[in-house]
1. Return one number: the angle in degrees, 0 to 90 and rounded to the nearest 10, between the long axis of the Cα atoms of helix 99-128 and the longest principal axis of the Cα atoms of the chain.
2. Treating the angle as unsigned and between 0 and 90°, give the value, to the nearest 10°, between the Cα long axis of helix 71-91 and the longest Cα principal axis of the chain.
3. With all protein chains present, how much of the accessible area of the chain (probe radius 1.4 Å) comes from carbon and sulfur, to the nearest whole percent?
4. Tell me, in nm to one decimal, what length is gained between ARG63 and GLU135 on full extension, where the rule is 0.36 nm per residue of separation less the Cα-Cα distance?
5. Counting each pair of different Cα atoms once, what's the Kirkwood radius of region 67-171 in Å, rounded to one decimal?
6. Quick one: of LYS52/LYS160; LYS83/LYS160; LYS81/LYS160, which pairs are farther than 30 Å apart, Cα to Cα?
7. Under 14 Å between alpha carbons, and skipping anything fewer than 8 positions from LYS100 in its own chain: which aspartates and glutamates qualify?
8. Taking each pair of distinct Cα atoms in region 104-164 once, what is the resulting Kirkwood hydrodynamic radius in Å?
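The values are calculated or read from the model by the stated rules, or taken from the named source; none is laboratory data. A quick note: this is a predicted structure, and the numbers were derived from the prediction, not measured. Ideal geometry is used to build each Cβ from the backbone, glycine not excepted, and the neighbour counts take in all protein chains shown. Just so you know, the surface numbers come from the protein's heavy atoms only, side chains and all, with ligands and any DNA or RNA stripped out. Shrake-Rupley method; radii C 1.70, N 1.55, O 1.52, S 1.80 Å.
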Amino acid sequence: HGLRGIFASARFNSKISMGTQLSLEFIHQMYALFWLGISAIALGTATSAYRKAYLYAQERYQRGGRIRDIESVQMLLGTSKAKIEVARNALFNIPFLDAKSLVHFAAALKLTINSLCTEAVSDCLQIFGGYGYMEDFGIEKKYRDVHTLATIGGSALFLKHFIAQMEYEGS
């Protein structure tokens with residue numbers, strides 16, 4: 001949905017033709033929307049992984065009881081849920097900013113949200129134990145997807161450099 005929003009904004013709001021010179025402000029807006037879209041997809045992936053892990057913990061029996069009653073599983077589910085909620089609140093509370101400030105904010109948000117979502121999916125994968133790496137439960141796809149999303153549009157190292165460069169230029 002994030003990528004669709006980027007396309008709709010570029011096509012309908014800006015009405016670009018191939019011969020039009022793109023402004024720096026427009027390019028900043030497109031990068032910001034792209035990074036926010038990737039962050040939204042990562043958040044959706046982490047939320048889906050959490051649901052799978054929660055349902056698995058409700059159904060799976062081990063040592064005479066459901067694994068949902070094991071304290072370490074409860075802690076993994078709790079920290080995953082907390083990371084997802086922090087990422088959701090950050091993504092859905094974006095202030096109105098000018099284009100340059102928005103691209104700076106979006107880069108920082110992508111870096112933070114993708115980190116939180118990667119950790120949340122990793123925690124969810126641990127709930128499945130060795131089964132998490134098998135295709136039977138689908139959690140391995142979430143793990144793969146969230147790690148791929150972390151590099152789309154710039155790795156963490158690139159984003160850190162970009163944010164630092166924007167800070168340097170701003171001062």
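1. So the inclination is approximately 10 degrees.
2. Computed tilt is about 20 degrees.
3. Working: 5980 of 10250 Å².
Ligands and nucleic acids excluded, carbon and sulfur give 58 percent.
4. Stretched out fully, the ARG63 to GLU135 stretch lengthens by 23.5 nm.
5. 15.4
6. LYS52/LYS160
7. Excluding near neighbours in sequence, the set is GLU25, GLU167, GLU169.
8. Working: mean 1/r = 0.0810 Å⁻¹.
By the Kirkwood definition, the hydrodynamic radius is 12.3 Å.
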